[in-house]
1. Can you spot a residue in region 74-89 that is without any contact (Cβ under 8 Å) to a residue 40 or more places away in the chain and either within 20 Å of Val145 (Cβ to Cβ) or not in a loop (DSSP other than H, G, I, E, B) (or both)?
2. Please give the number of the condition Arg34 fails out of (1) at pLDDT 95 or above; (2) open to solvent by 80 Å² or more (accessible area, probe 1.4 Å).
3. Quick check on region 112-151: of everything there that is of a type in the set (Gly, Ala, Ser) and under 16 Å from Arg9 (Cα atoms), which residue is nearest to the chain's Cα centre (by Cα)?
4. Kindly provide the set of residues from region 109-152 that are of a type in the set (D, E, K, R) and assigned to a strand (DSSP E or B), ordered by number.
5. So, in region 95-117, of the ones that are buried (at least 18 other Cβ atoms within 10 Å of the Cβ) and among the hydroxyl-bearing types (Ser, Thr, Tyr), which residue ends up farthest from Ile24 (Cα to Cα)?
6. Restricting attention to region 58-65, does a residue exist that is aromatic (Phe, Trp, Tyr), without any contact (Cβ under 8 Å) to a residue 60 or more places away in the chain and part of a loop (DSSP other than H, G, I, E, B)?
7. Limited to region 37-53, what total is found for residues that are in a loop (DSSP other than H, G, I, E, B) and either open to solvent by 80 Å² or more (accessible area, probe 1.4 Å) or modelled with pLDDT under 95 (or both)?
8. Criterion first (open to solvent by 10 Å² or more (accessible area, probe 1.4 Å), more than 18 Å from Pro117 (Cβ to Cβ) and under 19 Å from the mean Cα position of the chain (by Cα)) does Leu92 satisfy it?
Amino acid sequence: MSAAVIRSRTVVLRERNIDTDQIIPARFLTTTERAGIGRHAFSDWRSLADGSPDPDFPFNRPENAGAQVLVAGRNFGCGSSREHAPWALVDLGLRAVVSSEIADIFRSNALKNGLLPVVLDAEIVDELLDAPGIELSIDIAARRVTLPDGRAFAFPLDAFARTCLLEGVDQLGYLLKQADAIAAFEQRHALPSPASPESRHAR
């Protein structure tokens, strides 16, 4: 599968105002390791009172195994700014979250961690919420979501975030890839040292 295109069935959480404490409860924030944190995603929703998995929770249902696109109700990712929230969703196997509204801080953290936030009109999202398991094609380069019936919808994505997603890097990774160009620029624009011939000539 091309990194530029996400093709996947959807898993649906119809709830609105899903905050970051529901995505990853505070008791799991003690780790700085991203690997494995996905098992705690939606922890308080995934289990019954006796601790056993809730068979009706969407991420526990076998037909949703491997789904890479979450469709959620309005105002997804509200609440605190914890970066563990996108960590958990990525480790859970998700590559994109689709909603009619995504909280700004969550959106920023998601993009820094390779999770694509897709905002579409409420009418389209309502349609997707009513059709769990529908297969979407999300073209990152074109900033477009295509439904199985061929309808396509644009979504906002700034150019830098788009580049990082397409190249599979975060902001630091992008800068590190430019190391040679940065070094060449600094060399071209370096000021001569006070003891250099160029400096004495300039006087």
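1. Filtering region 74-89 down to residues without any contact (Cβ under 8 Å) to a residue 40 or more places away in the chain leaves 83, 86.
Applying the additional criterion that residues be either within 20 Å of Val145 (Cβ to Cβ) or not in a loop (DSSP other than H, G, I, E, B) (or both) yields 86.
Looking for residues that are without any contact (Cβ under 8 Å) to a residue 40 or more places away in the chain and either within 20 Å of Val145 (Cβ to Cβ) or not in a loop (DSSP other than H, G, I, E, B) (or both), one finds at least one in region 74-89, hence yes.
2. That leaves (1) as the condition not met.
3. Filtering region 112-151 for residues of a type in the set (Gly, Ala, Ser) gives 114, 122, 131, 133, 137, 141-142, 150.
Checking which are under 16 Å from Arg9 (Cα atoms) leaves us with 131, 133, 137, 150.
Values: Ala131: 22, Gly133: 20, Ser137: 16, Gly150: 25 Å.
Among them, the one singled out is Ser137.
4. Of the residues in region 109-152, the ones of a type in the set (D, E, K, R) are 112, 121, 123, 126-127, 130, 135, 139, 143-144, 149, 151.
Within region 109-152, Glu135, Asp139, Arg144 qualify.
5. The selected residue is Ser100.
6. Step one: of region 58-65, the residues aromatic (Phe, Trp, Tyr) are 59.
With the extra rule that they be without any contact (Cβ under 8 Å) to a residue 60 or more places away in the chain, the set shrinks to 59.
Applying the additional criterion that residues be part of a loop (DSSP other than H, G, I, E, B) yields none.
The answer is no; no qualifying residue exists.
7. Step one: of region 37-53, the residues in a loop (DSSP other than H, G, I, E, B) are 41-42, 48-52.
From what's left, either open to solvent by 80 Å² or more (accessible area, probe 1.4 Å) or modelled with pLDDT under 95 (or both): 48-52.
Number of matching residues: 5.
8. Working: open to solvent by 10 Å² or more (accessible area, probe 1.4 Å): yes; more than 18 Å from Pro117 (Cβ to Cβ): no; under 19 Å from the mean Cα position of the chain (by Cα): yes.
In short, no.
The values are calculated or read from the model by the stated rules, or taken from the named source; none is laboratory data. All of these numbers come straight from a predicted model, not from anything done at the bench. Positions of Cβ are generated from backbone atoms using ideal geometry, with glycine treated the same way; all protein chains shown enter the neighbour counts. SASA here: full protein model, heavy atoms, side chains in, ligands and nucleic acids out. Shrake-Rupley method; radii C 1.70, N 1.55, O 1.52, S 1.80 Å.
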